[in-house]
1. Kindly indicate whether any position in the range 39-51 is buried (at least 18 other Cβ atoms within 10 Å of the Cβ), acidic (Asp, Glu), under 28 Å from Pro134 (Cβ atoms) and touching a Leu at 6+ places or on another chain (Cβ under 6 Å).
2. For the range 171-182, indicate whether the set of residues that are surrounded by 14 or more Cβ atoms within 10 Å (Cβ to Cβ), within 23 Å of the chain's Cα centre (by Cα), more than 21 Å from Thr44 (Cα to Cα) and charged (D, E, K, R) is non-empty.
3. Taking Gly34, is it at pLDDT 90 or above, over 21 Å from the mean Cα position of the chain (by Cα) and at positive phi?
4. When residues of the range 203-245 are filtered for being small (Gly, Ala, Ser), assigned to a helix (DSSP H, G or I) and either at pLDDT below 85 or within 21 Å of the chain's Cα centre (by Cα) (or both), how many remain?
5. Hey, does the range 40-57 have a residue that's closer than 30 Å to Glu151 by Cα, polar (S, T, N, Q) and at pLDDT 85 or above?
6. Mind checking whether some residue in the range 120-141 is surrounded by 15 or more Cβ atoms within 10 Å (Cβ to Cβ), at pLDDT 85 or above and not in a helix (DSSP H, G or I)?
7. Taking the range 183-210 on its own, how many of its residues are over 14 Å from Leu149 (Cβ atoms) and either exposed (fewer than 15 other Cβ atoms within 10 Å of the Cβ) or touching a strand residue (DSSP E or B) at 6+ places or on another chain (Cβ under 6 Å) (or both)?
8. Restrict the check to the range 56-64 and report whether at least one residue is outside any strand (DSSP E or B) and over 23 Å from Leu138 (Cα atoms).
Amino acid sequence: MKLLYFIVLTGLCMACHQPRVYRINGSLPGALDGYVVKLYNIDTYPDVLLDSTVIKDEKFQLEGTRTFEYPKYCRLVVDMTPDEPDQRKKDIEGLSFFLRIIQPWNSSVRWTVCRLIYWEAVNKEHNVTLTGSPTQDLYQAYKTSVQELSERYTALRNEYLEVYHVPALDGILNTEKGMKIVREMNMLKAQLNKAAFEFIKAHNNSVVSLLLANNLLNSTRSEMTVEEIDGLMNGFAPCPAKMPL
């Protein structure tokens, strides 16, 4: 099934210490009545459900009040098979983004999303256009800066599975080819890590850097020394360092 969906997300800050109002209006041409739309806060574990609704006449709206002390990393999920009890058979699509309420007071942020929903083994975000949030713009700028490295790393990972991992399951060991791929993957991973470190150092007051730091700590694991971990976490400005990302 192919659906083209357009979403406009609007947040309005009425006063500095009052709950902010969020509003998401969307239309999904071709969507059936009853499709479920959910908004999650995913910058904590476990994910927190913020709101949900159902589609009617190819449209939906999510609206409520929440206190957004800082930009939240959220995920909008569309369940196109709400009556399917088997999670493995569900047809679900989602989009992750930073949701930010812009100040000064009475200002607004608009988010326009245009994406094709379709099944592919690899998530492709080149069909997504997000505008209106400085935090999301910053995150997108980082992803664009490392896009070539990331795409090459993903291609090598898939090549490794095809050339070495899958044949090895049948006892066929293409060791030389596998090691060559792994060496290049390690080189690219080091470059990606360096780019993340440099971004974090340059933007130590941004929640985007907190997300990247979290990704670094989880992806590199024991590869990082205690000194590197301390340097990473102690380099943040006081406010972002206290955020529970």
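The values are calculated or read from the model by the stated rules, or taken from the named source; none is laboratory data. These numbers were taken from a predicted model, which means no experiment stands behind them. Cβ atoms come from the backbone with ideal geometry, glycine included; neighbour counts cover every protein chain shown.
1. Yes, some residue in the range 39-51 is buried (at least 18 other Cβ atoms within 10 Å of the Cβ), acidic (Asp, Glu), under 28 Å from Pro134 (Cβ atoms) and touching a Leu at 6+ places or on another chain (Cβ under 6 Å).
2. no
3. yes
4. Initially, the range 203-245 is screened for residues small (Gly, Ala, Ser), giving 206, 209, 213, 219, 222, 231, 235, 237, 241.
Keeping just the survivors that are assigned to a helix (DSSP H, G or I) gives 209, 213, 219, 222, 231, 241.
With either at pLDDT below 85 or within 21 Å of the chain's Cα centre (by Cα) (or both) added as a condition, the list becomes 209, 213, 219, 222, 241.
Residues flagged as small (Gly, Ala, Ser), assigned to a helix (DSSP H, G or I) and either at pLDDT below 85 or within 21 Å of the chain's Cα centre (by Cα) (or both) within the range 203-245 amount to 5.
5. Kept after step one, since they are closer than 30 Å to Glu151 by Cα, are these residues of the range 40-57: 40-47.
Then keep just the ones that are polar (S, T, N, Q); that gives 41, 44.
Checking which are at pLDDT 85 or above leaves us with 41.
Scanning the range 40-57 turns up at least one residue that is closer than 30 Å to Glu151 by Cα, polar (S, T, N, Q) and at pLDDT 85 or above.
6. No; the residues of the range 120-141 include none that is surrounded by 15 or more Cβ atoms within 10 Å (Cβ to Cβ), at pLDDT 85 or above and not in a helix (DSSP H, G or I).
7. So the answer is 4.
8. Pass one, the range 56-64, residues outside any strand (DSSP E or B): 57-58.
Adding the requirement that they be over 23 Å from Leu138 (Cα atoms) leaves 57-58.
Yes, some residue in the range 56-64 is outside any strand (DSSP E or B) and over 23 Å from Leu138 (Cα atoms).
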